[in-house]
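Taken together, the values in this text are just the output of simple stated rules run on the coordinates, not laboratory data. A quick note: this is a predicted structure, and the numbers were derived from the prediction, not measured. All Cβ positions, glycine included, derive from the backbone under ideal geometry; neighbour counts span all protein chains shown.
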Amino acid sequence: MRLGDVEAGLECAVAARRLWSKLDDAAELARIKAIEAFLLLDIGLSDDAFDMASLAVAAAESGNDASALAFALNAKGVTLAVCRQVSMAVPLLERSTALAASAGNAGLHAFGLLNLGFCYAKRAEEAEAAQDTPATTLWLDRAIRITDEAISAAEACGDLWTLRVALGNCAEYNALNGDVGAAMQHLERSAALPGEGGASLRIHYLYTLATARLRSGDLTGALEAAQQSLALADETGQVDHQLNAAAQLGRVHEALGQFELALALQKRFHALYVRQSGETTQRLAKAAELRAETSQLRARASALAAEALLDALTGMPNRRSFERMVEDLSGSDYALAIFDLDHFKAVNDQYSHLVGDDVLRRVSRTLGAHVADLGFAARLGGEEFVVILPRHDTQDAIAIVEDLRLALHDIDWSDIAPGLRTTASIGLCSTAEARRHDEIMVRADQRLYAAKHGGRNRTVWGEADHRRHAG
C-alpha cells in the first residue's frame, strides 16, 4: 500500500482476506479489510471503500484487539473524509487515535494523528470554499498543530513513512497558511531523512517545494522543483502525479511570464486528463472482481440482519419485525401507512450513497420519534417505510400521518448536504375498510402509487378524489 502499486496490493489483500476468514481471526480480518479500504480509495472506489471500512470496524468490534479496532476506525474515518463527510470522520479518527495510544501502539497513534490532521485540512478547504477566512485559518492551525504531533510521534517510534508524509503534509498546510518559512523547514527535515520513501512521496515533496518557493517569490527555485517533479512523474508513468506536476510547472512558467510554455503545459494537462479517464476505466475494470466480492459481503450482511428484527443500516425495526407486529394485532383495529421517499434515487446519484444512507437514518429517527407513544414504525426496504397505529380510527390516523409527512418535509439537511430536500408520498388504509392484513397492504400500496402520480409529497386515503390530501 505504501509503495504505490495499488492493483498488486488489492490482489494480495483479497487473498489475505480469504485466508483470515478461513482462520476465523477477527483482528487480522479487520486489519486486512481496513487495508483493502485504503487501496479502494486509491483507485477512486469511495463507496466500496466505505463499505469495506465499515466491515473492518464490525469485524474489529467483534473481538477485543484495540489496535485492530483503531486501525479499522482510521480507515473508515479517512474514507468519510475523502467523501467530504468530514464532520462524521473527525470523531472516528479521534477515537482511533485515543485507542492506539491506550493500546501502546506508537506507530498506529502517529498514523492516526497524521490522518486527523488531514481531516482538519479538509475542514479548512470547506471553510475556504464558503469564504469564511477566520474558520479557514482556525482549521489550518489545527491541522498544522496535530500534524506536528504526528511528526513527533512518528519520529519517536522510527516510522519513517509516516514521518515523511507528515512532514510533506505539514509543509503544504503551512504554505497554504502563508508561513513559507515553516513550510521550508519541514521540507528540509524531510529531505534529510535516511533512505527512500518511494516515487510518490518524492513527487509530492518536489511539488510542495515548488509551491513553497513560488509563494516565497523564488521563481528560479520553483521552476527547478516543478521540472524535477514532472520529470519523475513521467518516469513513473503515474498520470495522477503527471497531472499535478504539469499544472504546477505551468503556474511557475506563467509567473515567469513564459506564457507560451505555460500554454503548452496547459495543453499537456488536458491531454493527460483525457488519458487519465481511460486509465480510470481500466482500473475500475480490474476492480470488478473486488466490487463483486464486496457486493456479496453486503448481501451476506443484509441476510444476517434480516434474520434478526432490526434493520442493519438504520437500526429501526425491519420487515420481519413488522410482520410479527401485524400477527400480534390480528383481530384488533389499526391503521397502516406506507411511506416512500420521493426522488430518492436522485439523492444517491447527485450526492453519493453515503449521503443517501444518512438520509435513510435520519428519516428512520424522525419516524421512530414521532410514533414512539402512538404506534410502530419499520423500514420495509430501500426507501420504503411503514407505520402502524393501533386503536386509531381513520381520522386520527390521517392527522398523525400528516404530521409525519410535514416533519419529513421540514427536516434540515444542511449539515449533510446543502441544497438537499427530501419528501415522502404516503398511502393510508385501516381495518375500518378491510379486515385482512394483505388487503390493507394492497390498498395502502395502491394509494401510495396514487400519491406518487398525484404529484408526490402527499397522503392519499379513501377512494374519492376529495379525500386525497396534497402536500
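Report the net charge of residues surrounding Cys429, where surrounding means a beta-carbon distance below 10 angstrom and charges are Lys +1, Arg +1, Asp -1, Glu -1.
-1
Over what distance in Å are the Cα centres of the stretch 151-217 and the stretch 372-426 separated?
Computed from Cα coordinates, the inter-centre distance equals 51 Å.
Let me see the pair-distance distribution of the stretch 311-469: every alpha carbon pair, 10 Å bin width, integer percents in order.
Spelled out bin by bin, the stretch 311-469 gives 11, 43, 35, 11, 1 percent.
Can you sort Ser430, Ser229, Ser352 so the residue with the fewest Cβ neighbours within 10 Å comes first?
Ordered from fewest to most neighbouring Cβ atoms within 10 Å, Ser430, Ser229, Ser352 come out as Ser352, Ser430, Ser229.
Find the relative contact order for the stretch 161-275 and round it to a whole percent, using C-alpha pairs within less than 8 Å whose residues are 6+ positions apart. Please list the in-between numbers first.
Numbers: 136 pairs, mean separation 21.7, N = 115.
Here the relative contact order equals 19 percent.
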